[in-house]
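K.L.:
Input: one structure, supplied below.
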Amino acid sequence: MNTAMLFGLCASMLIGLGLYGLLTHPHPLRKILALNVIGSGIFLLFGAVALRGAAAGMNADPVPQALLITGIVVAFSASALAVALLLRLFEVTGDVSLANDDPATHKDTSKDRPHD
Amino acid sequence: MTESPASLLLVLAVLLPFTGVIIGLLLGGRHVRTVALTTVALGLAVIIGIVWHALDTSTAMEYVLGGWSPPLGIRLRADGLSVLMLLAVAVVISLVSVYAHADFAPHDSGKETRAPPVFWLMLLAIWGSLNLVFVSGDLFTLYVALELLTFAGVPLVALDGRGETLRAALRYLLFALLGSLLYLLGAVLLYGAYGTLDIQLLAQMVRPEALSWAALALMTVGLLAKTALFPLHIWLPPAHAGAPAAASALLSALVVKGSWFLVLRLWLDVMPNVVTLSAAQLLAALGAVAIIVGNIVALGQVRLKLLIAYSTVAQIGYLFLMFPLVFGLAFAGLDSTQAVAGGMLQTISHALAKAAMFLAAGLIYLTLGHDRISDLRGVAQALPMTVTAFALAGASLIGLPPSGGFLAKWLLLSAALESGQWWWGAVMLLGGLLTSVYVFIIVVRSLAPAEAGWMPKTCVPQYQQMAVLALALSAFLLGLAALSPVDLVQLGRTPLSLLRGTP
């Protein structure tokens, strides 16, 4: 097994773990973390692709690395936005559940909620 | 396909809105609205320039950034589909800005001053990222554009800062992030196999093999989550119905179209020879369920804005009916341009009509102080123009002639019959029937006379009503595009049947 292969397998495991976490954990913070795990898996896979596509005399294909950096910046901003929203949600409602608005189980914070 | 100075307009179409965002952010507070409106006016001029140039030269516009040609460089390209979408989005953005002029004025009291600047900045950001989606020539730039679109859409959902809208925004963001990660994973797989992400280069290289199918499936599912196609639509109604009217109009009319457009690009332009007819049928089957379920759930809604949001779920379904029609015709060796034109018209007329409907609902809310459908009496007395606009927009959603919706459904229906897939035509007709029920209910209820002595809660400025009417009228009269002598849709594009070679 060569290095690129090993990285590729690790990447698939990360993506699978993240997907599992995203689907099974109800807490939004865990969902955000799970998305980050998936993201890391994809970036690692991109690294493996770069390693495999190396031209003669080069360590790796530089194009995926350039794209990777952009991808990491985008993923970072996404996580920051999600966490900010989550904090704000906790501030306003005192609750971070994503469950459907059911007046019976959640605090009613607005007056003109649909009654359906 | 020549690079002329006019191609710089493509760069401007993307850069101008983002420059507006930065200037607005720097000047801050009270000046944001002025900056935004100026940018919208300039941007509209740029888009008109692009359309003018496209009509004039009848070729696709192309701009290679920094003179670095693909695969290393980045290419911006506007073919017929892009030009049409650029124009439609520019029209909706301009009219929504006119409408929002009063709703998002800078406050004098100093309280609650956050919403107006955020609205204007996000309006510009949505515009810039949509334009980038339409003109991008490579899959990674498209990924960045999609993410920008999400980041601009999420704050609009939570603009009023109430708990339930924050929850809707967070749920939307999680769906959208998973969607873009799946898209990115597909893009990485494609790069690993073919060594490029440029759409035109990829289209020549891509082969129908397991890896391409996996990449196409991953990217499509990711984009469906962002477009809110059934069964991934659950985030849409609370997100779109909870936002202020002008923001709902942007989200429902425009933001979901960005990821839909990308599905179209992938299937028609990047991997037409990877797509199989059964995959296209599956996509349309999801669309058909969306039409039926969305319309039926819409009928049961108590509040007008939620009804319109569920109607969006249904209308998104129509956008995916075009895929088996296009590929059915192409596989049979027939001309598929009518089906593509039908799908494009459907998305544009829905953008115009849905923006008009949400804005009309906003005015109705202001006038009545609520938007319960059971109690719309007196609305037609207070807002005759708005109710007319609502009816015209509804007529376009139903598909009554001469609306854009009519022409779109006509083209799609004839494509369905021509390719021997009558069942998609039946779904379209049933959907139109269901839509007409709720449009009629709302129009009839709002025509009922108000109680004696009833006064509107707020007096709505005339120009807001005019903006809504202008949107609805453009949707209603879009069907006259059939009379237009130029075929903008196919501009700079190769007919699909030719790409495949043999049927």
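K.L.:
Which residue out of B:L26, B:L10 is farther than 21 Å from B:V96 by Cα and buried (at least 17 other Cβ atoms within 10 Å of the Cβ)?
P.N.:
Of the residues listed, the single one that is farther than 21 Å from B:V96 by Cα and buried (at least 17 other Cβ atoms within 10 Å of the Cβ) is B:L10.
K.L.:
Could I ask something else about it? Quick one: in segment A:3-29, which of the residues that are farther than 18 Å from B:L189 by Cα and hydrophobic (A, V, I, L, M, F, W, C) is most open to solvent (accessible area, probe 1.4 Å)?
P.N.:
Ranking the qualifying residues of segment A:3-29, first place goes to A:L23.
K.L.:
Can you confirm whether B:S82 is more than 28 Å from A:L86 (Cβ to Cβ), within 14 Å of chain A (Cβ to nearest Cβ) and buried (at least 24 other Cβ atoms within 10 Å of the Cβ)?
P.N.:
Considered against the rule, which asks whether it is more than 28 Å from A:L86 (Cβ to Cβ), within 14 Å of chain A (Cβ to nearest Cβ) and buried (at least 24 other Cβ atoms within 10 Å of the Cβ), B:S82 comes out as no.
K.L.:
Please identify the pairs in which a residue from segment B:58-75 that is under 12 Å from B:T196 (Cβ atoms) and open to solvent by less than 60 Å² (accessible area, probe 1.4 Å) has its Cβ atom under 9 Å from the Cβ atom of a residue that is among the polar types (S, T, N, Q) and in a loop (DSSP other than H, G, I, E, B), counting only partners at least 6 apart or on another chain.
P.N.:
Cβ pairs passing all conditions: B:P70/B:T196; B:R75/B:S69.
K.L.:
Looking only at segment B:193-204, how many residues end up being crowded, with 21+ Cβ neighbours inside 10 Å and at the interface with another protein chain (Cβ under 9 Å from one of its Cβ atoms)?
P.N.:
Looking only at that region, the number is 1.
Here's the yes/no breakdown for (1) within 22 Å of the chain's Cα centre (by Cα); (2) within 22 Å of B:L383 (Cβ to Cβ):
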| site | (1), (2) |
| --- | --- |
| B:F406 | yes, no |
| B:W410 | yes, no |
| B:W422 | no, no |
| B:G425 | no, no |
| B:I441 | no, yes |
| B:P449 | no, yes |
| B:A452 | no, yes |
| B:Y463 | no, yes |
| B:A467 | yes, yes |
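K.L.:
Could you check segment B:138-167 and list, in sequence order, the residues that are of a type outside the set (S, T, Y), at the interface with chain A (Cβ under 9 Å from one of its Cβ atoms), in contact with a Phe, Trp or Tyr (Cβ under 9 Å, 6 or more places away or on another chain) and open to solvent by less than 10 Å² (accessible area, probe 1.4 Å)?
P.N.:
B:V154
K.L.:
Counting only residues that are modelled with pLDDT of 85 or more and hydroxyl-bearing (S, T, Y), which one in segment B:322-368 is surrounded by the fewest Cβ atoms within 10 Å (Cβ to Cβ)?
P.N.:
By that ranking, first place goes to B:Y365.
K.L.:
Within segment A:76-94, can you find the residues that are open to solvent by less than 80 Å² (accessible area, probe 1.4 Å), at the interface with another protein chain (Cβ under 8 Å from one of its Cβ atoms) and not polar (S, T, N, Q)?
P.N.:
Those that are open to solvent by less than 80 Å² (accessible area, probe 1.4 Å), at the interface with another protein chain (Cβ under 8 Å from one of its Cβ atoms) and not polar (S, T, N, Q): A:A78, A:L81, A:A82, A:L85, A:L86, A:L89, A:V92.
K.L.:
If you check B:L181 against the conditions, is it crowded, with 24+ Cβ neighbours inside 10 Å, within 7 Å of chain A (Cβ to nearest Cβ) and over 20 Å from the mean Cα position of the chain (by Cα)?
P.N.:
yes
Conditions (1) out of contact with any Gly (no Cβ under 6 Å at 6 or more places or on another chain); (2) free of Cβ contacts under 8 Å to residues at least 60 places away in the same chain; (3) away from chain A (no Cβ under 14 Å), marked per residue:
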| residue | (1), (2), (3) |
| --- | --- |
| B:A243 | yes, no, no |
| B:A249 | yes, no, yes |
| B:V256 | yes, no, yes |
| B:F261 | yes, no, yes |
| B:L266 | yes, yes, yes |
| B:S278 | yes, yes, yes |
| B:A285 | yes, yes, yes |
| B:I296 | yes, no, no |
| B:L306 | yes, no, no |
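K.L.:
Being surrounded by fewer than 22 Cβ atoms within 10 Å (Cβ to Cβ) and polar (S, T, N, Q): is that true of B:S414 here?
P.N.:
For B:S414, the condition - surrounded by fewer than 22 Cβ atoms within 10 Å (Cβ to Cβ) and polar (S, T, N, Q) - is met.
K.L.:
Find all pairs meeting these conditions: Cβ atoms under 8 angstrom apart; at least six residues apart or on different chains; first residue within segment B:393-418 and over 27 Å from B:F327 (Cβ atoms) and at pLDDT 90 or above; second residue outside any helix (DSSP H, G or I) and open to solvent by less than 10 Å² (accessible area, probe 1.4 Å).
P.N.:
B:A395/B:S403
K.L.:
From the list B:V96, B:V118, which one is of a type outside the set (G, A, S), more than 30 Å from B:R493 (Cα to Cα) and open to solvent by less than 10 Å² (accessible area, probe 1.4 Å)?
P.N.:
B:V96
K.L.:
So, one more: Scan (1) open to solvent by 10 Å² or more (accessible area, probe 1.4 Å); (2) touching a strand residue (DSSP E or B) at 6+ places or on another chain (Cβ under 8 Å) for the single condition B:P401 breaks and write down its number.
P.N.:
(2)
K.L.:
Could you identify the single residue in A:I38, A:I42, A:I32 that is open to solvent by less than 40 Å² (accessible area, probe 1.4 Å) and in contact (Cβ under 8 Å) with a residue 40 or more places away in the chain?
P.N.:
Among A:I38, A:I42, A:I32, only A:I32 is open to solvent by less than 40 Å² (accessible area, probe 1.4 Å) and in contact (Cβ under 8 Å) with a residue 40 or more places away in the chain.
K.L.:
Let me ask another. Which residues, taken from segment B:136-170, are closer than 20 Å to B:L250 by Cβ and of a type in the set (G, A, S)?
P.N.:
If the condition is that a residue be closer than 20 Å to B:L250 by Cβ and of a type in the set (G, A, S), then B:A145, B:A152, B:G153, B:A158, B:G161, B:A168, B:A169 are the ones that fit.
K.L.:
Just the residues that are buried (at least 21 other Cβ atoms within 10 Å of the Cβ) and at the interface with chain B (Cβ under 8 Å from one of its Cβ atoms), please, taken from segment A:49-73.
P.N.:
Scanning segment A:49-73 gives A:V49, A:P64, A:L67, A:G71.
K.L.:
Would you confirm whether any residue within segment A:37-48 is facing chain B (nearest Cβ under 9 Å) and over 20 Å from A:M5 (Cα atoms)?
P.N.:
No, segment A:37-48 contains no residue that is facing chain B (nearest Cβ under 9 Å) and over 20 Å from A:M5 (Cα atoms).
The values are calculated or read from the model by the stated rules, or taken from the named source; none is laboratory data. None of these values were measured; they are calculated from a predicted model. Quick reminder, even Gly has a Cβ in these numbers, built from the backbone with ideal geometry, and neighbours come from all protein chains shown. Only protein heavy atoms, including side chains, enter the accessible area calculation; ligands, DNA and RNA are left aside. Shrake-Rupley method; radii C 1.70, N 1.55, O 1.52, S 1.80 Å.
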